[in-house]
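Below is one structure, written out as structure tokens, with a few remarks after it.
Only the coordinates and a few stated rules stand behind these numbers; no lab work does. This structure is a prediction, so every number in the text was calculated from the model and none was measured.
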Amino acid sequence: MPDFAALDWSTIVWTMLPFVAVGFAAQMIDGALGMAFGVITNTALVVFLGLPPRLASATVHAVESFTTAASGISHVLHRNVDWKLFVRLVIPGMIGGVLGAYVLSNVDAKVAKPFVMAYLAAIGVYLLYRAWRGRVEPREPKIVEPLGLIGGFLDAAGGGGWGPVVTSNLLVQGAQPRKTIGTVNTSEFFLTTTISATFIFTIGFSAFTLQAVGILIGGVAAAPFGAVLAKRVPARPLMGMVGGLLTVTSVYSVWAALA
């Protein structure tokens, strides 16, 4: 862990401030739409700080252990959680997260990323079409446990992906947007805590940097607001926003991976 005591307060504040803003914005989007915290913060750490993917993913999940706890509590208080769906997601997600963290700690998993992101971009376009068509009929999703396993694996191996993979695919199956977002956010706490523990076991405490603390402060501060937005925005525009965000972030990730 870094020696914070060796730094003066002005250095600490100016180092953390941009990452407080990143954490706040990322968590506002994630809490409202059920995705993007990992994508946004992981991109900031890899692109702007030059962190290796393994360390960036460990940093993001260390922070998410706290932000998802705050977000999950807020979603529970606003009754945004489907507990039956939660139970079906959380255990496969934790298993997939452990496997993904182990793979990223020992193998280069970047080869598959463009293909996964291209798939998610297609899902985003389909969600936009459903929102535009105006029919958002709630149905109980059938494929849940395999989705949790895959989502947990990709989240750990790619530094983000639980929300995009799980939220979008549940919505495609007809799950109610507000309950889906709340459930995915709440179950993510258990996933990120498991992944963080695996990273700490494999690479130690090197993920706890000043930048990580800044993201943590911003993310925890924003967590209550995202749940309020998810509760109040109607299903059709909510699905449209999820589809738009998923399409933009996925297309960018494909471009960045192939550039």
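Quick one: 3J(HN,Hα) in Hz for segment 237-247, Karplus 6.51/-1.76/1.60 with θ = phi - 60°, rounded, Gly and Pro as x.
My calculation for segment 237-247 gives x, 5, 5, x, 5, 4, x, x, 5, 5, 5 Hz in order.
Whole-Hz ³J(HN,Hα) for each residue in segment 17-24, computed from phi via Karplus 6.51 cos²θ - 1.76 cosθ + 1.60 with θ = phi - 60°, x for glycine and proline: what do you get?
3, x, 7, 4, 5, 4, x, 5
For Gln176, enumerate residues with amide H under 5 Å from its amide H, sequence gap 5+ or separate chain, H modeled in the peptide plane.
It is Arg139, by chain and number.
Tell me, what HN-Hα J-couplings in whole Hz come from the Karplus equation 6.51 cos²θ - 1.76 cosθ + 1.60 at θ = phi - 60° for each residue of segment 65-70, using x for Gly and Pro?
3J(HN,Hα) across segment 65-70, in whole Hz: 4, 8, 5, 6, 5, 5.
Over segment 138-195, what lengths in whole Å, largest first, do the semi-axes of the equivalent ellipsoid take, defined as the square roots of 5 times the eigenvalues of the alpha-carbon gyration tensor? All intermediate terms of the calculation are to be shown ahead of the outcome.
On the way: eigenvalues 74, 26, 16 Å².
Working from the Cα gyration tensor, I get semi-axes of 19, 11, 9 Å.
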